[in-house]
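Contents: one structure, followed by commentary.
The values are calculated or read from the model by the stated rules, or taken from the named source; none is laboratory data. The shown structure was predicted, so the numbers you read here are calculated from the model rather than taken from an experiment. Every residue, glycine among them, receives a Cβ derived from its backbone with ideal geometry; neighbour counts consider all protein chains shown.
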Amino acid sequence: MALLEVQGITKRFGGLVAVNSLSMNLDAGHIAAVIGPNGAGKTTAFNVIAGFYKPNEGKVIYDGKDITNLRPDQVCKLGLARTFQVVRPFRGISVLDNVMIGAYNRTNSDKVARAKAHDVLKFMEMDNLSNQMASGLPIAGRKRLEIARALATEPKLILLDETMAGLRPIETDEIIEVVRNISKQGIAILLVEHVMKVVMSLAENIVVIHHGVKIAEGVPTEIVQNNLVIEAYLGEVSSNA
């Protein structure tokens with residue numbers, strides 16, 4: 001049984017159909033990617049899956065449970081965490097305290113949350129930054145912190161929304177390795193990414209959406225040869241590279 005089943009979700013904003021009858025599955029411990037042009041509906045789909053938006057039609061099944069109408073905090077409590085396209089650290093507190101906020105998803109104990117946060121920061125190779133204010137982190141550090149806070153919630157699945165955006169090539173390579181290490185822990189990962197190097201390096205399966213509609217799905221080698229995908233997206237990526 002799939003860990004995540006997206007069953008024909010549609011999300012409308014007035015007369016705009018942002019996501020149109022989108023279906024996809026993700027098995028436990030696997031990595032998949034959702035790609036498509038800007039405005040294709042990728043982040044909207046993430047918001048529906050994570051409970052920030054309620055779909056007009058369709059269902060989201062996570063770990064065998066219908067989570068379609070649950071709040072984001074309830075979804076997170078079940079083990080589905082997410083990061084945001086625009087990173088959102090709590091700038092006025094330390095790196096450690098930021099990660100502790102995620103850890104409180106599983107405990108009310110400051111001691112337990114602090115220990116969990118330290119473990120996650122060590123895993124993320126950020127333990128030397130524990131006492132630094134989050135506001136002082138560069139963009140790559142804020143991206144890592146966003147992932148660390150999600151990991152501290154002890155998820156079975158993480159949605160990563162354009163985690164590599166704005167990073168230099170060496171920083172991108174480092175985050176790719178972080179994602180691989182997370183996957184080795186048995187955590188499933190669903191990526192929204194424009195950086196095709198990331199998608200091709202990590203994803204076992206790729207879903208392509210355009211104007212809110214899924215136009216292709218398959219393994220990376222199939223997707224890069226799909227004429228519909230090349231016309232709708234990959235040609236655009238290449239021309240903008």
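Points worth noting:
- With respect to being without any contact (Cβ under 8 Å) to a residue 24 or more places away in the chain and of a type in the set (Gly, Ala, Ser), Gly136 fits the description.
- Failed criterion for Ala115 (all others in (1) buried (at least 16 other Cβ atoms within 10 Å of the Cβ); (2) over 19 Å from Asp161 (Cα atoms); (3) free of Cβ contacts under 8 Å to residues at least 60 places away in the same chain hold): (1)
- Considering the stretch 175-220, the residues that are among the charged types (D, E, K, R) and buried (at least 17 other Cβ atoms within 10 Å of the Cβ) include one that is farthest from Pro37 (Cα to Cα), namely Glu217.
- Criterion violated by Thr43 - all others in (1) over 16 Å from the mean Cα position of the chain (by Cα); (2) surrounded by 17 or more Cβ atoms within 10 Å (Cβ to Cβ); (3) in contact (Cβ under 8 Å) with a residue 24 or more places away in the chain satisfied: (1)
- Considering Pro89, Pro55, the condition of being part of a loop (DSSP other than H, G, I, E, B), crowded, with 18+ Cβ neighbours inside 10 Å and modelled with pLDDT under 95 is satisfied by Pro89 alone.
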